[in-house]
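Written out below as structure tokens is the structure these notes cover.
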């Protein structure tokens, strides 16, 4: 009996990994540019958030590249120039992108990877999805504080964010517990300001 019928499908999974890889690298570049603008606009806390999100997107891309290599594919992406607006508009753009990844992109990629019996790709996408939920929550909080003119809040003061170097979970609180997504030791989380 041939086992060829039981071999995992990798074509669509590789396409999804490449799409995610490109998206994450472009998001990283965009968030770094947004952080510079937030600093210029006097929103140091929002700049810190963008830098933490940029680091998380870099970790996602690294994880996706690793799975691509495991599947025998090359990680490649085209960086697309982004337009930087004022900090309020940049927050709206960031939140919109995070919502797309949470509501459409990563759920579809996870479903396909599971159907293809590719647990490494599925886990990679699951980690990205969970981290993006944190980014969306933090961007929504910053946007609300900005729009309700709460300028004495954290959005104007540089602040520490904590990023898991394994799954990219991003939080504004340092915890004594391990990472809530991948269980990486909390004392090894990266501090981003």
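Going by C-beta contacts inside 10 Å, put 105, 151 in order with the fewest on the left.
Lowest to highest Cβ neighbour count: 151, 105.
Which entry is the computed Rg and Dmax of the Cα atoms in Å for this structure: [x] 16.2, 48; [y] 42.5, 154; [z] 17.6, 70?
It is the value labelled [z].
Given a 10 angstrom Cα cut-off, can you work out which residue in 76, 28, 159 is the most mobile in a GNM of the chain?
Residue with maximal mean-square fluctuation among 76, 28, 159: 76.
Any idea what angle helix 87-100 forms with the longest principal axis of the chain, computed on alpha-carbon atoms, 0 to 90 degrees, nearest 10?
Once rounded, the angle reads 20 degrees.
Which of 144, 160, 176 ends up with the largest GNM mean-square fluctuation for the chain, with Cα atoms connected below 10 Å?
176
Hey, what angle do you get for helix 119-147 against the long axis of the chain, alpha-carbon based, 0 to 90 degrees rounded to 10?
20
Using helices alone, what [θ] at 222 nm do you get for the chain, with -39,500 (n - 2.57) per DSSP H run of 4 or more residues, divided over all residues and rounded to the nearest 500?
One gets -20000 deg cm²/dmol as the mean residue ellipticity at 222 nm.
Could you line up 83, 137 from fewest to most neighbouring Cβ atoms inside 10 Å?
83, 137
How high is the relative contact order of the chain, in percent, with contacts defined as C-alpha pairs under 8 Å that are six or more residues apart?
With pairs under 8 Å counted, the relative contact order is 26 percent.
Have a look at 82, 167, 139 and tell me which one the Gaussian network model of the chain (Cα, springs below 10 Å) gives the largest fluctuation.
82
Rounded to the nearest 10 degrees, what's the angle between the helix 106-115 long axis and the longest principal axis of the chain, both from Cα atoms, 0 to 90?
20
Just so you know, all these numbers are worked out from the coordinates, no wet-lab data involved. What you are looking at is a predicted structure, and each value in this text was computed from that prediction instead of being measured. Ideal geometry is used to build each Cβ from the backbone, glycine not excepted, and the neighbour counts take in all protein chains shown.
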